[in-house]
Amino acid sequence: MKLATKHLLTIRELTTEEVLGLVARALELKQGWPKGFKPRPLTDKAVAMIFEKSSTRTRVSFEIGVSQLGGHPLFMASRDMQLARSEPLRDTARILSRYADAMVVRTFGQEVVEELATHGSVPVINALTDKYHPCQVMSDLLTVHENLGDVRKPVYAWVGDGNNMAHSWLEAAARLGFELRLACPEGYLPDPEILGHAQTSGAKILLTNDPAEAVEKADVISTDVWTSMGQEEETKKRLKAFSGYCLDRKLLEKAKAAAIVMHCLPAHRGEEISEEVLEGPNSVVWDQAENRLHMQKAIMEALMED
Ligand code: CP
Ligand code: NVA
């Protein structure tokens, strides 16, 4: 499967068919791997990975995913690059494009991945910015598909910050037309442009300050940390603002009995999610983390195959 877009900076760049096609392909790669189905579309290709923020899942799943596809991953913490000594992004993009066949980038501003995409000549994959986390939500769709079937049918709830994850869920809703209810405290609402785009796309979007209203009879409940990377100074203020937003047993009881609980991890037990819910029978977080590998392989194959 070839994508119309050259880069994956946001889910908005994908068509509905491409989102569904990537979910199907990721599942094929996942199920095929133990049976010996091991396509190597990245043979003789290298992927430059620039990380400006910490990572466990994204880094490891991309590095291992690239090698499973036959390619060579090259991890670079941005502080070790000349970027940290003010080498311009546009120069970095042109240089890396001479060596590597794609860039995987985790950074702060969305404009950083956009600039690398503009000035480089190879595909750029957003591995998380302050604004979006497209690879995570694409992987999460695979997890929903495995548990509940057609990803367009469930009712999705988001409890917590109107952050990068919430934004990517809104973009997924816009593409797939599903019902998405977001419970966010005042002052931590999603970006109005991203919200507006989803609201005018045909998806059913509800924004509320009441977690119980969002979760009522929902099929999929997702949450995330209250303080994202780069916001550490706001931790105290956020702890206060998000009180009442913990995904605990009482809140989960409002959802459908078979609802799945998702968290992109790392989790702060006792803050956005209780230990009991994270480790409980509705939680699919470990499969969710594994699925990063399979979905990102599908994405790289679709962007990089000759
Ligand atoms: N979920 C996620 O992106 O995890 P890491 O920060 O560990 O990569
Ligand atoms: N919203 C979180 C996600 C971490 C994977 C952050 O940006 O830190």
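Just so it is clear, none of the values below were taken in a lab; they were calculated from the coordinates. Everything numeric in this text was worked out from a predicted model, so none of it was measured. Here the Cβ is made from the backbone with ideal geometry for all residues, glycine too, and neighbour counts use every protein chain on show.
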Using only the alpha-carbon atoms, how far is helix 89-99 inclined from the longest principal axis of the chain? Give it as 0 to 90 degrees, nearest 10. 60
Sorted by Cβ density within 10 Å, fewest first, the residues Cys246, Cys264: Cys246, Cys264
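Could you tell me the number of lysine pairs in the range 193-301 with C-alpha atoms less than 16 Å from each other, where the two lysines are 8 or more residues apart or belong to different chains?
Here the count comes out as 4.
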Cα-Cα P(r), the chain, percent of pairs per 20 Å interval: 35, 58, 7
Where the centre of each part is set by its Cα atoms, how far does the range 29-73 sit from the range 154-200, in angstrom? 29
Dipole of the range 220-306, positive end: most advanced residue of Met262, Leu293, Leu303 [Cβ charges, Cα centre]: Met262
The residues Tyr188, Tyr156, Tyr245, sorted from fewest to most surrounding Cβ atoms within 10 Å, come out as Tyr188, Tyr245, Tyr156
Which semi-axis lengths, in whole Å and largest first, follow from the square roots of five times the eigenvalues of the Cα gyration tensor of the range 134-288? 21, 19, 14
May I ask you to sort Glu111, Glu272 by Cβ crowding, counting other Cβ atoms within 10 Å and putting the fewest first? Glu111, Glu272
Have a look at Asp248, Asp80, Asp210 and tell me which one the Gaussian network model of the chain (Cα, springs below 10 Å) gives the largest fluctuation. Asp80
